[in-house]
Amino acid sequence: MGLPVKIADIAPRLATGAFILNSGLSKRTADEGTATGLHGMAAGAYPVLGKLEPQQFAKLLAAGEITLGAALLAPVVPTALAGAALTAFAGGLVGLYLRTPGLRKEGSLAPTQEGIGIAKDVWMLGIGLGFVADAVARRRAR
(Lines give C-alpha, C1' and ligand atoms only; values in the text may rest on other atoms or scores of the structure.)
Protein backbone atom coordinates (compact mmCIF):
# COMPACT_ATOMS: atom_id res chain seq x y z
CA MET A 1 0.00 0.00 0.00
CA GLY A 2 1.42 3.39 -1.01
CA LEU A 3 1.02 6.84 0.43
CA PRO A 4 -2.42 8.48 0.15
CA VAL A 5 -1.00 11.21 -2.11
CA LYS A 6 -0.92 11.24 -5.91
CA ILE A 7 2.17 12.58 -7.66
CA ALA A 8 0.02 15.35 -9.19
CA ASP A 9 -1.02 16.50 -5.69
CA ILE A 10 2.51 17.00 -4.37
CA ALA A 11 3.23 20.44 -5.87
CA PRO A 12 -0.02 22.13 -4.77
CA ARG A 13 0.24 20.49 -1.34
CA LEU A 14 3.81 21.75 -0.93
CA ALA A 15 2.96 25.27 -2.13
CA THR A 16 -0.11 25.73 0.04
CA GLY A 17 1.31 23.82 3.01
CA ALA A 18 4.53 25.85 3.14
CA PHE A 19 2.65 29.13 2.68
CA ILE A 20 0.11 28.39 5.43
CA LEU A 21 2.68 26.90 7.82
CA ASN A 22 4.88 29.98 7.47
CA SER A 23 1.89 32.23 8.08
CA GLY A 24 0.99 30.33 11.24
CA LEU A 25 4.55 30.32 12.55
CA SER A 26 4.77 34.09 12.08
CA LYS A 27 1.56 34.61 14.09
CA ARG A 28 2.73 32.56 17.11
CA THR A 29 4.44 35.60 18.59
CA ALA A 30 2.08 38.27 17.30
CA ASP A 31 2.38 41.50 19.26
CA GLU A 32 -0.69 43.23 20.69
CA GLY A 33 -1.12 45.52 17.68
CA THR A 34 -0.94 42.68 15.17
CA ALA A 35 -3.28 40.50 17.24
CA THR A 36 -5.76 43.37 17.56
CA GLY A 37 -5.68 44.01 13.81
CA LEU A 38 -6.17 40.34 12.92
CA HIS A 39 -8.93 39.97 15.48
CA GLY A 40 -10.71 43.16 14.45
CA MET A 41 -10.85 42.19 10.80
CA ALA A 42 -12.01 38.64 11.56
CA ALA A 43 -14.60 39.76 14.13
CA GLY A 44 -15.94 42.33 11.66
CA ALA A 45 -16.68 39.55 9.18
CA TYR A 46 -17.58 36.86 11.72
CA PRO A 47 -19.07 38.56 14.81
CA VAL A 48 -18.92 35.40 16.95
CA LEU A 49 -15.14 35.81 16.99
CA GLY A 50 -15.62 39.08 18.87
CA LYS A 51 -16.04 37.02 22.04
CA LEU A 52 -12.34 36.09 21.95
CA GLU A 53 -9.53 38.30 23.20
CA PRO A 54 -7.20 39.47 20.39
CA GLN A 55 -4.17 37.54 21.70
CA GLN A 56 -6.27 34.41 22.20
CA PHE A 57 -7.60 34.73 18.64
CA ALA A 58 -4.09 35.18 17.22
CA LYS A 59 -2.82 32.10 19.07
CA LEU A 60 -5.77 29.99 17.88
CA LEU A 61 -5.32 31.23 14.32
CA ALA A 62 -1.60 30.45 14.48
CA ALA A 63 -2.29 26.95 15.82
CA GLY A 64 -4.88 26.32 13.10
CA GLU A 65 -2.56 27.50 10.34
CA ILE A 66 0.35 25.46 11.68
CA THR A 67 -1.83 22.36 11.89
CA LEU A 68 -3.25 22.83 8.40
CA GLY A 69 0.14 23.64 6.88
CA ALA A 70 1.70 20.56 8.49
CA ALA A 71 -1.20 18.36 7.32
CA LEU A 72 -0.72 19.52 3.74
CA LEU A 73 3.03 18.89 3.94
CA ALA A 74 2.71 15.45 5.54
CA PRO A 75 2.32 12.77 2.86
CA VAL A 76 0.62 10.42 5.33
CA VAL A 77 -2.41 12.72 5.54
CA PRO A 78 -4.84 11.76 2.75
CA THR A 79 -5.25 14.50 0.17
CA ALA A 80 -9.04 14.30 0.51
CA LEU A 81 -8.79 15.14 4.23
CA ALA A 82 -6.15 17.85 3.74
CA GLY A 83 -8.21 19.25 0.85
CA ALA A 84 -11.39 19.41 2.95
CA ALA A 85 -9.51 21.29 5.68
CA LEU A 86 -7.94 23.63 3.11
CA THR A 87 -11.35 24.28 1.54
CA ALA A 88 -12.85 25.19 4.92
CA PHE A 89 -9.94 27.47 5.83
CA ALA A 90 -9.81 29.19 2.44
CA GLY A 91 -13.60 29.49 2.38
CA GLY A 92 -13.36 31.45 5.62
CA LEU A 93 -10.76 33.76 4.08
CA VAL A 94 -12.86 34.31 0.95
CA GLY A 95 -15.84 35.02 3.23
CA LEU A 96 -13.72 37.58 5.07
CA TYR A 97 -12.91 39.21 1.74
CA LEU A 98 -16.55 39.30 0.69
CA ARG A 99 -17.83 40.62 4.05
CA THR A 100 -15.25 43.29 4.82
CA PRO A 101 -16.11 46.76 3.50
CA GLY A 102 -13.45 48.43 1.42
CA LEU A 103 -11.81 45.28 0.13
CA ARG A 104 -13.91 45.14 -3.05
CA LYS A 105 -14.79 47.74 -5.64
CA GLU A 106 -18.36 48.96 -5.24
CA GLY A 107 -20.82 46.51 -6.82
CA SER A 108 -18.06 44.16 -7.93
CA LEU A 109 -16.04 41.15 -6.84
CA ALA A 110 -12.87 42.88 -8.06
CA PRO A 111 -10.54 43.86 -5.23
CA THR A 112 -9.54 47.34 -4.25
CA GLN A 113 -5.86 47.96 -3.59
CA GLU A 114 -6.53 47.12 0.07
CA GLY A 115 -8.31 43.88 -0.88
CA ILE A 116 -5.67 42.32 -3.11
CA GLY A 117 -3.85 40.70 -0.18
CA ILE A 118 -6.96 38.75 0.80
CA ALA A 119 -8.56 38.29 -2.62
CA LYS A 120 -5.56 36.28 -3.72
CA ASP A 121 -6.52 33.59 -1.19
CA VAL A 122 -9.06 32.35 -3.71
CA TRP A 123 -6.23 30.21 -5.17
CA MET A 124 -6.21 28.16 -1.97
CA LEU A 125 -9.96 27.65 -2.23
CA GLY A 126 -9.53 26.42 -5.79
CA ILE A 127 -6.80 23.97 -4.79
CA GLY A 128 -8.84 22.65 -1.85
CA LEU A 129 -11.94 22.21 -3.99
CA GLY A 130 -9.85 20.45 -6.63
CA PHE A 131 -8.49 18.00 -4.05
CA VAL A 132 -11.98 17.24 -2.75
CA ALA A 133 -13.54 16.92 -6.21
CA ASP A 134 -10.76 14.57 -7.31
CA ALA A 135 -11.25 12.38 -4.22
CA VAL A 136 -15.01 12.21 -4.83
CA ALA A 137 -14.51 11.34 -8.51
CA ARG A 138 -11.99 8.61 -7.67
CA ARG A 139 -14.34 7.07 -5.09
CA ARG A 140 -17.22 7.03 -7.58
CA ALA A 141 -14.98 5.41 -10.16
CA ARG A 142 -14.28 2.47 -7.81
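The values are calculated or read from the model by the stated rules, or taken from the named source; none is laboratory data. Please read all numbers here as calculations on a predicted model, not as lab measurements. In this analysis, Cβ positions are derived from the backbone assuming ideal geometry, glycine residues included, and neighbour counts consider all displayed protein chains. Heavy atoms of the whole protein, side chains included, go into the accessibility calculation; ligands, DNA and RNA do not. Shrake-Rupley method; radii C 1.70, N 1.55, O 1.52, S 1.80 Å.
The table below gives the values:
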| quantity | calculated |
| --- | --- |
| Residue within region 101-108 that is open to solvent by 40 Å² or more (accessible area, probe 1.4 Å), assigned to a helix (DSSP H, G or I) and of a type outside the set (A, V, I, L, M, F, W, C) present | no |
| Test: residue in region 119-131 that is part of a loop (DSSP other than H, G, I, E, B), closer than 26 Å to ARG13 by Cα and of a type in the set (D, E, K, R) | yes |
| Filter result for ALA82 (closer than 18 Å to ARG13 by Cα and either surrounded by fewer than 16 Cβ atoms within 10 Å (Cβ to Cβ) or among the β-branched types (Val, Ile, Thr) (or both)) | no |
| Residue in region 1-33 that is least open to solvent (accessible area, probe 1.4 Å), counting only those that are farther than 14 Å from ALA90 by Cα and hydroxyl-bearing (Ser, Thr, Tyr) | SER26 |
| Subset tally (residues that are farther than 15 Å from VAL5 by Cβ and either of a type in the set (A, V, I, L, M) or surrounded by fewer than 20 Cβ atoms within 10 Å (Cβ to Cβ) (or both)) for region 62-79 | 6 |
| Residue that is farther than 22 Å from TYR46 by Cα, open to solvent by less than 90 Å² (accessible area, probe 1.4 Å) and not hydrophobic (A, V, I, L, M, F, W, C), where the choices are GLY130, GLY115 | GLY130 |
